Amino acid sequence: MEQPNNTLEDLIDSTQAYSKTTLELTKLKGLNAITNVFSVLTANLLLIITSILFLVVASIGIALVLNEMLGKPYYGFFILAGFYLFISIIFYFFLHKWIKKPVSNLIISQALD
């Protein structure tokens with residue numbers, strides 16, 4: 001009768017070790033997914049920030065050129081403001097299709113990778 005008791009204890013020990021290993025593996029997979037998502041979002045955020053800085057500087061340059069062409073020091077800025085208003089209205093109507101859905105898909109694909 002001594003033999004079955006040792007087997008049961010071995011089975012319990014193996015089950016506990018398996019549970020601990022599975023829990024640790026799940027934690028590491030979760031950490032890997034979070035790290036992947038964070039690194040992709042950080043890289044995309046840096047790209048967006050540099051694109052915005054380029055857009056601001058280019059907009060000021062275009063506005064100054066338009067000012068010189070139109071003869072008044074503020075016409076170029078009003079024209080660009082109207083252009084950006086138009087672009088903002090387009091983004092408002094297509095926000096889900098162009099921005100929200102691709103960003104969500106990016107986060108999900110990186111988390112599941």
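A few notes on this one:
- The packing ranking of peptides 74-85, 42-53, highest mean first, is 74-85, 42-53, where packing means the average number of other beta carbon atoms within 10 angstrom of each residue.
- Taking the C-alpha atoms only, the angle from helix 101-112 to the longest principal axis of the chain is near 30 degrees.
- Computed P(r) (all Cα pairs; the chain; 5 Å bins; percent): 2, 9, 9, 11, 10, 9, 8, 7, 6, 5, 4, 4, 3, 3, 2, 2, 2, 1, 1, 0, 0
- Rounded to 10°, Cα long-axis angle of helix 2-70 versus longest principal axis of the chain: 0
Throughout, read-outs are computed from the coordinates displayed, never taken from laboratory work. Note that the structure is a prediction, hence the values are computed from the model and not measured. Cβ coordinates were reconstructed from backbone atoms using ideal geometry, including for glycine residues, and neighbour counts include every protein chain displayed.
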